[in-house]
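What follows is a single structure, written as structure tokens, with notes after it.
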Amino acid sequence: MVVTARSLGLNGISGYEVSVECFLSGGLPAFDIVGLPDTAVKEARERVRAAVKNCGAKYPVSRITVNLAPAGRRKEGTVYDLPILLGILAAAEEIPALPADAAFVGELSLTGGLRPINGVLPMAMAAQRAGIHQLYVPAENAAEATLARGVTVYAVETVEQLVAHLRGKAPLSPAPVWEPEPGDQDGGPDFADVMGQENAKRALEIAAAGGHNILLIGSPGSGKSMLARRLPSILPDMTKEESLQTTEIYSVAGLTEARHPLVIRRPFRSPHHTASAVSLTGGGAMPRPGEISLAHNGVLFLDELPEFDKSAMESLRQPLEDGVVTITRASGSLTLPSRFMLVCAMNPCRCGWYGHPDRRCTCTEKQVESYMRRISGPMLDRIDLHIEVPSVDYEAMRRKDTPESSGDIQKRVNAARAVQQLRYAGTEVSCNAYMTPPMIGKYCALDERCESIMRSAFDRLGLTGRSHDRILRVARTIADLDGAEAIGPEHLAEAIQYRSSSMLK
């Protein structure tokens, strides 16, 4: 007898339906799993055997063959433990036929309990698309699964509990749909903690308003990391679509929380400077999201930028332009989202004190030049704002008045983003940083005075076509913050100033 249990699998961060076909036949007792299973899937044989015996059911003494279809796609992980067990019990007529509109996922313990798995949200969304109406998941994954509306989710703690439900003896109640609670977005570092650095805070406000990349350059202790870590507090709140996109990535990576499964605060990822190119972009035998995908819809902060491996830094160039990263391996290729704000921080030299007023720098000009050349021109060209962060003086540290809070700055950022959302309604562009060339020509038109300023800066600074367009995007954002219809000379001049750092010459 052949019994089919519906289940789900993962391909990158996308879910797809898997049919678990179980066949019991005569012959010597054996248990074979086919359909390109990896080691974790093959080991389900032992977990299923122990779980069946420990939950009070009768384990069939026969030849068991399990096929995971589509058989040409590699299966991995422990997600198929539960459907394999149920398929075997149904084939042995230990339980009634499984519902045709139900799918099952979960890892088994030897005692018959269900352990949580990764990637439940994308699998639940795939179930919705496949017309599955009931989804049975481990209890710890239930809240996350309910984020995919349109599917009734059942939280299962033990196999014994599920068997009783399928037999009609003790029906399970559907899991309640999880909703964020008031205050879930509160907390985090605030700009009110930052004394001085008004120019840097202004640049970060512009970056947040337009989604621009930014580089902070300054001596040790000037506040670069402190400023960068407060950037998420002034970014616009995530939309429901953005939250679901980011949560799917975090779910696959195993970073969601059982009590708060939805990512509602913009991610802030800060990998160590020893991170490899693969850890940044993602990869592995079965590719998994890297840091740039985990920073999707949020911030990727690279502190001590020149200390990063050159290949790791250069691997960011294409994702910064395209908003996606394509990982190619022998097993196939996978495209992952990577639309993030890049925030970098660095010292002006190896010792960190080049250009400091007290002249304590011990580096030669050649050493300073060598240190700065660790960052390639193409990489710098993709960063919109280059900001010098000077050391804070004593008077600023002892100032009695409280600096502007993140909430006040965020109000201006939200107002500018609202203008951009209205401007780009009906397109895939969400903010000024992602304007296409035709949009730049339409929304960043310059009058004669601005043309003269732009022409002079282009020749004086040796700008490229890319940096020219990025200056116009930043100028458009500054104009939006001012509530101006057109880009004025003051907006353009400020945008150019952020591309003319003396330390990068």
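The values are calculated or read from the model by the stated rules, or taken from the named source; none is laboratory data. Source: prediction; values computed, not measured. When we count neighbours, we look across all protein chains shown, and the Cβ atoms used for this are built from the backbone with ideal geometry, even at glycine. Calculation scope for accessible area: heavy atoms of the full protein, side chains included, ligands and nucleic acids excluded. Shrake-Rupley method; radii C 1.70, N 1.55, O 1.52, S 1.80 Å.
What the table below lists for this structure:
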{"quantity": "Answer residue from the stretch 181-233, given it is modelled with pLDDT under 95 and of a type in the set (Val, Ile, Thr) and is surrounded by the most Cβ atoms within 10 Å (Cβ to Cβ) among those", "calculated": "Ile217"}
{"quantity": "Of all residues in the stretch 53-95 being among the polar types (S, T, N, Q) and over 21 Å from Gly113 (Cβ atoms), the one that is modelled with the lowest pLDDT", "calculated": "Ser62"}
{"quantity": "Contacts under 6 angstrom Cβ, first residue in the stretch 203-216 being closer than 11 Å to Ala495 by Cβ and in a loop (DSSP other than H, G, I, E, B), partner open to solvent by 10 Å² or more (accessible area, probe 1.4 Å) and of a type outside the set (Phe, Trp, Tyr), 6 or more apart", "calculated": "His212/Ala433"}
{"quantity": "Single match in Thr335, Thr402 (criterion: among the hydroxyl-bearing types (Ser, Thr, Tyr), out of contact with any Leu (no Cβ under 8 Å at 6 or more places or on another chain), open to solvent by 50 Å² or more (accessible area, probe 1.4 Å) and in a loop (DSSP other than H, G, I, E, B))", "calculated": "Thr402"}
{"quantity": "Spans of helices (runs of 4 or more DSSP H) in the stretch 241-317 with at least 1 residues surrounded by fewer than 23 Cβ atoms within 10 Å (Cβ to Cβ) and among the small types (Gly, Ala, Ser)", "calculated": "277-281, 310-314"}
{"quantity": "Verdict on Ala433 being surrounded by 15 or more Cβ atoms within 10 Å (Cβ to Cβ), touching a helix residue (DSSP H, G or I) at 6+ places or on another chain (Cβ under 9 Å) and under 29 Å from Asn414 (Cβ atoms)", "calculated": "yes"}
{"quantity": "Pair list, Cβ < 6 Å and 6+ apart or interchain, from the stretch 267-282 residues that are charged (D, E, K, R) to residues that are in a helix (DSSP H, G or I) and open to solvent by less than 60 Å² (accessible area, probe 1.4 Å)", "calculated": "Arg269/Glu291; Arg269/Leu294"}
{"quantity": "Extreme residue, modelled with the lowest pLDDT, among residues of the stretch 1-30 that are buried (at least 17 other Cβ atoms within 10 Å of the Cβ) and not in a strand (DSSP E or B)", "calculated": "Gly12"}
{"quantity": "Per-region count, the stretch 31-58, residues of a type in the set (S, T, N, Q) and surrounded by 16 or more Cβ atoms within 10 Å (Cβ to Cβ)", "calculated": "1"}
{"quantity": "Tyr498, sole failed condition from (1) over 29 Å from Ala228 (Cα atoms); (2) crowded, with 17+ Cβ neighbours inside 10 Å", "calculated": "(1)"}
{"quantity": "Residue in the stretch 125-142 that is over 19 Å from Lys169 (Cα atoms), without any contact (Cβ under 8 Å) to a residue 60 or more places away in the chain and of a type in the set (Lys, Arg) present", "calculated": "yes"}
{"quantity": "Residue in the stretch 344-357 that is under 30 Å from Ser243 (Cβ atoms) and either hydroxyl-bearing (Ser, Thr, Tyr) or modelled with pLDDT of 85 or more (or both) present", "calculated": "yes"}
{"quantity": "Members of the stretch 310-342 found to be among the basic types (Lys, Arg) and under 13 Å from Ile383 (Cα atoms), listed by number", "calculated": "Arg317"}
{"quantity": "The one condition in (1) touching a Lys or Arg at 6+ places or on another chain (Cβ under 8 Å); (2) open to solvent by 30 Å² or more (accessible area, probe 1.4 Å); (3) β-branched (Val, Ile, Thr) that Ile453 fails to fulfil", "calculated": "(1)"}
